[in-house]
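The values are calculated or read from the model by the stated rules, or taken from the named source; none is laboratory data. Computed from a prediction, not measured in an experiment: that's the story for all the values here. Here the Cβ is made from the backbone with ideal geometry for all residues, glycine too, and neighbour counts use every protein chain on show. Note: accessible area is taken over every heavy atom of the protein model, side chains too, but ligands, DNA and RNA are not part of it. Shrake-Rupley method; radii C 1.70, N 1.55, O 1.52, S 1.80 Å.
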Amino acid sequence: MEQLTELVTAHKIPVGQTADRVFDWLATNATGFFDALHAAIEAGIDGVLFLLTAPPPFLFILIAMAVTYALQRSVTITLGIGLGFLFILNQGYWKETMESLTLVLSACVVCMGLGVPAGIALAHRPKLYEWVRPLLDLMQTLPTFVYLIPAVVLFNIGMVPGLIATVIFVLPAPIRLTQLGIASTPAPLREAAVAFGATPRQLLWKVEMPSALPQIMTGLNQTIMLSLSMVVIAALVGAAGLGVPVVRALNSVNAALGFESGLVIVVLAVMLDRALRRREKP
């Protein structure tokens, strides 16, 4: 058995070395592309951050409450959103919260913009989905810290590598849920639409998308929650936000700071979930 073990371990497959060579080659030969991509992503992040920080805190809270009421038509949820933001303001984490919201919203725009069309395409091509599924599994199960290494190599430190790592980790959720929703459209419904002369485009927008809307909205909810879970990890590569005080508290063993910032993250997560959750029809 020992000889068999030595035989297997004697010739190690160069997985790590191959990945290192690939990233070194990209960093050396594609610098212009990644610099341009970095600048574009950073400009988008700065734009979202400006929109969130331009209004005074109380005006932002009123706007958030108005948007929540328009989405949920619930006075209870609307008041809860207002109280949650007032709590964050009271604890002194307003700036960090807006920075984390910037990361979350930017990740949501990218993930939903890529994930929904990809999910639709894969739902219409089941054999291709079987080939793509292992890649989605890899993206979700690979430790998130691993994503930070190539992100830092290619984009340096800051919000951009944090956003890139977040998108890679979160993207499988909207793809899977959109694919599930489209593929689960009742066959009689499709057949009836085709019988009445619906084109493929009409079938998608008037039958499949309305039927898949609950799963797509669940994908949006999961995208937000998973993006928020990356806040602390993104802080390790220089991303601003609520993860910074958590990391600082861990380094200094400051229980008070850690509990404060951790509770603010929980409050923000609950508010986003309640504000954007799909209302069930009575």
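Mean separation of Cα pairs under 8 Å and 6+ residues apart, divided by the residue count of the chain: what relative contact order is that in percent?
23
Given the peptides 191-197, 178-184, 51-57, 84-90, arrange them by the average over their residues of other C-beta atoms within 10 Å, most packed first.
178-184, 84-90, 51-57, 191-197
Ordering S261, S74, S229 by accessible area with a probe of 1.4 Å, largest first, what comes out?
The ranking, largest first, comes out as S229, S74, S261.
Roll a 1.4 Å probe over the protein chains and send me the accessible area per residue for region 1-159 in Å².
In whole numbers, region 1-159 has 63 Å² accessible per residue.
Are there DSSP H segments in the chain that both extend 30 Å or more along their axis (alpha-carbon positions) and score a mean Kyte-Doolittle hydropathy of at least 1.0? List them, or say none.
Details: long enough: 31-53 (32 Å, 1.20); 94-123 (41 Å, 1.29); 255-276 (31 Å, 1.78).
Answer set is 31-53, 94-123, 255-276.
If you take the Cα Rg of region 119-168 and divide it by 2.2 N^0.38 Å, with N the number of residues, what do you get?
Here the Cα radius of gyration is 1.43 times the empirical estimate.
What percentage of the solvent-accessible surface of region 149-282, computed with a 1.4 Å probe over protein heavy atoms, is contributed by carbon and sulfur atoms?
68
Roll a 1.4 Å probe over the protein heavy atoms and report the accessible area of M65 in Å², nearest 10.
Using a 1.4 Å probe on the heavy atoms, I get roughly 40 Å².
Measure of size requested: the Rg and Dmax of region 50-140, with Cα atoms as the atom set and Å as the unit; please supply both.
Answer for region 50-140, Rg first and Dmax second: 18.6, 53 Å.
Each label point is 7 Å from the Cα along the Cα-to-Cβ direction; what then is the distance between the points at A36 and A19, in nm?
Distance between the two pseudo-spin positions: 2.9 nm.
Find the Rg to Rh ratio for region 104-226, where Rh is the Kirkwood radius over alpha-carbon pairs and Rg uses the same atoms.
Rg/Rh for region 104-226 comes to 1.07.
Whole Å is fine, so just give me how far the alpha carbon centre of region 184-226 lies from that of region 233-254.
Here the two parts' Cα centres lie 41 Å apart.
Tell me the Rg and the Dmax, in Å, that the Cα atoms of the chain produce.
Every Cα atom of the chain included, Rg and Dmax give 22.2, 72 Å.
With the radius of gyration and the Kirkwood radius both derived from the Cα set of region 148-282, what is their ratio Rg to Rh?
Radius of gyration over Kirkwood radius for region 148-282 works out to 1.16.
Counting pairs of alpha carbon atoms under 8 Å apart in space and at least six apart in sequence, what relative contact order in percent does region 66-208 give?
Normalised by residue count, the contact order of region 66-208 is 26 percent.
Can you give me the accessible area per residue for region 166-228, using a 1.4 Å probe, in Å²?
Value returned for region 166-228: 48 Å² of accessible area per residue.
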